[in-house]
1. If you roll a 1.4 Å probe over the chain with all protein chains in place, what percent of the accessible area is carbon or sulfur?
2. Which three numbers, in whole Å and largest first, are the semi-axes of the equivalent ellipsoid of region 109-209 derived from its Cα gyration tensor as √(5λ)?
3. If you split all Cα-Cα distances of region 118-164 into 10 Å bins from zero, what percentages do you get per bin, shortest first?
4. With the Cα gyration tensor of region 1-160 in hand, give its eigenvalues times 5 under a square root as the equivalent ellipsoid semi-axes, listed largest first in whole angstrom.
5. If the cut-off is 19 Å between C-alpha atoms, which lysines fall inside it for LYS208, apart from same-chain ones fewer than 8 positions away?
6. Would you work out which of PHE119, GLN103, PRO68 lies farthest towards the positive end of the dipole of region 1-150, given +1 charges on the beta-carbon of Lys and Arg and -1 on that of Asp and Glu, about the Cα centre?
7. If the reach is capped at under 17 angstrom between alpha carbons, list the lysines near LYS30, excluding any in the same chain fewer than eight residues apart.
8. What is the dipole size for the chain, taken about its Cα centre, with +1 at each Lys and Arg Cβ and -1 at each Asp and Glu Cβ, in debye to the nearest 20?
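The values are calculated or read from the model by the stated rules, or taken from the named source; none is laboratory data. Fair warning: this is a prediction, and the values are worked out from it, not measured in the lab. FYI the Cβ positions are ideal-geometry reconstructions off the backbone, even for glycines, and counts take in every protein chain you see. Heavy atoms of the whole protein, side chains included, go into the accessibility calculation; ligands, DNA and RNA do not. Shrake-Rupley method; radii C 1.70, N 1.55, O 1.52, S 1.80 Å.
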Amino acid sequence: MVKKTRRPKLPLSVKAYQFLHEKIITMDLKPSQRLDEKQLVSQLGIGRTPIREALLRLTSEFLVETQPNKGFIVRPLLVQNIKAMFEALHILDIGAASLAIHQDLEKHLLLMKEAQKTFEKAIKDHDILSLVRSNHDFHMLFAQCSANEYLVRALRDVRNEVNRLAYLSYGGKGGLNRDLKEHYGSVCDEHEKIIKYLKNKDIDQLKKIIGEHIQTFQQRVIHYLTTFRLGR
C-alpha cells in the first residue's frame, strides 16, 4: 500500500496572510475598512502574532496601511493614487520589454503560454479570482523576461496593488460586467501579441501593445471608480 505524502502545514502567519489577501483582492474587505486585530484573532482562531505578521506583510505589498488612531486599514482606492500606479506600471513594463528582447526567452515564453491557458480556463469557468491570479502570473513571467531583479521586484510591488483593480475589471462585485465577453477576448488577444512580439524580438510592436493593454485596463478601472466612488 502506497502511503500518501502529507503536505507540510503552513505557518499560521501564512494562513492569515492568504485569508486576508483573498478578502482584500475580492473586496470582501472593503477599501478603507479598519482591520481589528482582536476580531481577526477570534475569526481565524489563531494568535495575535501571526495576524500582526500577515498585516505587516500586506502593508509592504501596499494592500494595507496604518493610520493614526485607527491602526491597520485596507488601503483606500483613490483616483489620484491609481493614476500614479498606472504611470509606474507603464514605465516599468516598457523598461522590462526593452531588456527582455536581448534575453534568451524560450523557457519564459513556454511558461507564459501555460499561464495564458490557465487564464483562458478561468474565463470558461467564470472564476474571477483565478483570472486575477493567472493574469498576475502572466505579467510577472513577462517581468522576469527582463532578467533584472530590481525591475521584477518593482513590478511585483505595483502588481500586488493592481490585483484589486483587476478583480473589478474582470467583473468582480458586478463591476463593468456588461461587456465582459468582449473585454476577455481583448485581453487574450493582447496577451497572445505580447508573447508573439517577445518571440520575434519586435520591440516597437511590443511597446505599442503594452501601452494599449495598460490603457484599456486603466480606462475601465477609472470609469468604475468615478461612477461608484469606491473607497472614499
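1. The value for the chain is 51 percent carbon and sulfur by accessible area.
2. So the three semi-axes of region 109-209 are 23, 16, 12 Å.
3. With 10 Å bins starting at 0, P(r) equals 28, 46, 23, 3.
4. Each semi-axis is the square root of five times an eigenvalue, giving 30, 24, 15 Å.
5. LYS193, LYS196, LYS199
6. Final value for the positive-end residue is PRO68.
7. LYS70, LYS173
8. 960 debye
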